[in-house]
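Chemist: One structure, as structure tokens, below. Some questions next.
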Amino acid sequence: MDVLFNSINVRDLLSSHDLDDSSPLSASDLRLLIDRLQVRSLNIKSKVHTYILSHNDEFSSLFSRCSDAVVNSEQLSDLVNLLSSDRKPIDVQVKETVDEIRSKRGGLKEKKDALGLVEVVLKLSRELSVVEEDLVAGKVVEAAEVLTELKVALRITEDCTNDEEPVVFGLLRKKWTDCFEEIQQVLVKFIEKAVTFDHQTNSVYLKNTMSINDDTQGIALCTVLKAMHVVGILDHGLAKVADLMTRHVITPAVGSISHSFSVEEQRLDSGDITEAVLRITPLTGTQVENMDAEIIYSGISIVIQFIFNYICFQNTSWMQLFGRLTWPHMSELIISNFLSKIVPDDASKLSDFQTIRQLTSEFETSLKEVMFISSDKDERLTNFTDNVEVHFATRKKVEILATSRDLLLHSNFKLPKEYTRKSEDIKNGENVDLLFSSERCAVSETALQLLELVHQTLKDVCLSSPTVALEFCHAARDALLLYEAVIPVKLERQLDGINQVAVLIHNDCLFLSQEILALKFEYQPDFPISVKGAVFIDLGIRYKLMAEEILQRQIQLVKRNLMEAIDGADGFQNTHQPKRYESAKFSIDQVAFILEKVRIIWEPLLLPLTYKRSMCTVVEAVCSRMTKDILQLDDIAAEETLQRHIDILRRRLTWNDNV
């Protein structure tokens, strides 16, 4: 293609190269030149043609772009003409056109959405109608399945109200709820009619096939349970059957009278079961005292097998659900009405309970096989029998505390009028020797009986297993604490006054404190290793403090009464006057009377040293008060002083004799 881009030197085409560039060409040279130019032209045309053919795509693209450029230039020319015209600006027209397109597209989308919504609503409405039709036709499983699918489609939840959604969805949900309630009512009613209890024959009747209405064929009980499972109300339906079985079958099975159980079947010629009957027959003469674990467990096993075969149709998941509804109450009935009543009363008979434990374990194993119970935590009966020692100890503890409580509530702290310290016995009590003192004191019979009960309990601790021993130790401790809890409340009025009952309670506390401190030395060497650390020292100190508190309370009551009597003397002023003298004399007589009354109450009951110490405290308070009143007088007449000193001396001599 060089010839296309470079100029041609004519002289180069000539054969003679010796021509002068300035000399003209001859005729022959010109002809030769023309011929050669023609050849060269044909050669150039051939090369151009070949080049164009080899680059056909590039030239086509080039021509196309040229054509587009021409078209665009024409359009641009039209646009320039429009801009130069008197019509609306082109940008305004474009915006209006775009808005119109957008509006029409939005309207079209809304119409499509509305049409889709209508289609969905119609579909859901038709499916709800299908549920009603299937229910009328007896196709309960199909109706339940459709209803379950619609629950998801309609987003049925506990709170599905949404103000932004179409009202029609609320109407559909209401219709769904109506269908749900209707199918639930139908299925539950079917269950109630299928499983019944006849009081006259004492039997449970189970009909395997029933009709919802007269226009439909019979529906199998298994089909109804499947429909309940699909719609999510199986637990509600089985709960009614569980309640019936618990009230009329399980409760009598573990009652005071043993029962025998038998199962009867009625079959068609095809072999299908139409009805199953569980008959319950009381066994006369076998009362609770002679209840046999093997008879009870075998009877309940027949009942469980009846439920597994004819109610749950050997479906383990249904049986597991039935067990969750029934087993908690059933196990409580068996424990309260049977197992707890045969717990031994004597520790020596605990070994005989192993037979009951073995039968109980086998019984719960059979329940596991049919999935009535499914985990170790459901083995409530086995757990109870494994802990029989704890139950035995708990029962004994309750008995000990009940005995202690009755003893304290019916206690009588009255003493005969003729009682003295030298009396060997007193009514409702006696003189006892204190362990850590050489003296004797009177205590109530209640304290003695309570302590005897504690001693007997601790003797049982020495002969019991560690588990039982620990419970007995707690029982003994609680029994001792009951005295502190009951007596001060029961005899609160007596403790607020000056009387023998308060002093007797003080003696009881003193006696109990010393006896409690001695329990460790008496029984601890024989205690099981696990309870050797059980001591009652804190209770001994507690009762010691309680005794001292009661005594101080009595002393303060006496002091208060004496101070009130002395207040009547009005400070012993102007005793030379007859009226004032009589008032002071009466006050001193009152003091003497109170002291004599206190002596009569305290002396026979309190320990001698305690009595002397308490009386000295009271007399010292009286003398100090009277001396203080006399010393506070401004002046005393001679005859008044002599007379007063004589009376005071006489009274003090009388008090000293009493003390």
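Chemist: Working only within the stretch 461-517, note down all residues that are more than 18 Å from residue 542 (Cβ to Cβ) and charged (D, E, K, R).
Modeler: Correct list: 471, 490, 492, 493, 496.
Chemist: If you don't mind, another one. If you scan the stretch 372-386, which residues turn out to be among the polar types (S, T, N, Q) and at pLDDT 85 or above?
Modeler: Answer for the stretch 372-386, where residues must be among the polar types (S, T, N, Q) and at pLDDT 85 or above: 382, 383, 385.
Chemist: Would you tally the residues in the stretch 230-258 being modelled with pLDDT under 85 and open to solvent by 30 Å² or more (accessible area, probe 1.4 Å)?
Modeler: 4
Residues are listed down the side, and each one gets a yes or a no for (1) in contact with a helix residue (DSSP H, G or I) (Cβ under 8 Å, 6 or more places away or on another chain); (2) free of Cβ contacts under 8 Å to residues at least 24 places away in the same chain; (3) not acidic (Asp, Glu):
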site	(1), (2), (3)
260	yes, no, yes
264	no, yes, no
267	no, yes, yes
272	no, no, no
279	no, no, yes
316	no, no, yes
331	yes, no, yes
336	no, yes, yes
360	yes, no, yes
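Chemist: Another question, if that's okay. Need pairs with beta-carbon distance below 9 Å; first residue under 19 Å from residue 466 (Cβ atoms) and within the stretch 369-394, second open to solvent by 50 Å² or more (accessible area, probe 1.4 Å) and of a type in the set (Phe, Trp, Tyr); sequence gap 6+ or separate chains.
Modeler: none
Chemist: Same structure again: Looking at the stretch 465-477, can you tell me whether even one residue there is loosely packed, with under 15 Cβ neighbours inside 10 Å, assigned to a helix (DSSP H, G or I), touching a Ser or Thr at 6+ places or on another chain (Cβ under 9 Å) and modelled with pLDDT under 90? Steps first, please.
Modeler: First, pick out the residues of the stretch 465-477 that are loosely packed, with under 15 Cβ neighbours inside 10 Å: 465-466.
Filter again for assigned to a helix (DSSP H, G or I), leaving 466.
Then drop every residue that is not touching a Ser or Thr at 6+ places or on another chain (Cβ under 9 Å), which leaves 466.
From what's left, modelled with pLDDT under 90: 466.
So far as the stretch 465-477 goes, yes, one or more of its residues are loosely packed, with under 15 Cβ neighbours inside 10 Å, assigned to a helix (DSSP H, G or I), touching a Ser or Thr at 6+ places or on another chain (Cβ under 9 Å) and modelled with pLDDT under 90.
Chemist: Does any residue in the stretch 429-447 that is among the acidic types (Asp, Glu) come within less than 9 Å, Cβ to Cβ, of a residue that is open to solvent by 20 Å² or more (accessible area, probe 1.4 Å) and modelled with pLDDT of 85 or more six or more places away or on a different chain, and which pairs are these?
Modeler: 430/445; 430/448; 439/608; 439/609
Chemist: Let me ask you something else. Can you tell me which residues in the stretch 423-447 are in contact with a strand residue (DSSP E or B) (Cβ under 7 Å, 6 or more places away or on another chain), modelled with pLDDT of 75 or more and either part of a loop (DSSP other than H, G, I, E, B) or among the hydroxyl-bearing types (Ser, Thr, Tyr) (or both)?
Modeler: Passing the criteria: 434, 444.
Chemist: Sticking with this one: What residue, among those in the stretch 305-350 that are charged (D, E, K, R) and farther than 22 Å from residue 192 by Cβ, is modelled with the highest pLDDT?
Modeler: Among those residues, the one meeting the criterion is 332.
The values are calculated or read from the model by the stated rules, or taken from the named source; none is laboratory data. In this text, all values refer to a predicted model and were calculated from it rather than measured experimentally. In this analysis, Cβ positions are derived from the backbone assuming ideal geometry, glycine residues included, and neighbour counts consider all displayed protein chains. Accessible surface areas use protein heavy atoms only, side chains included; no ligands, DNA or RNA. Shrake-Rupley method; radii C 1.70, N 1.55, O 1.52, S 1.80 Å.
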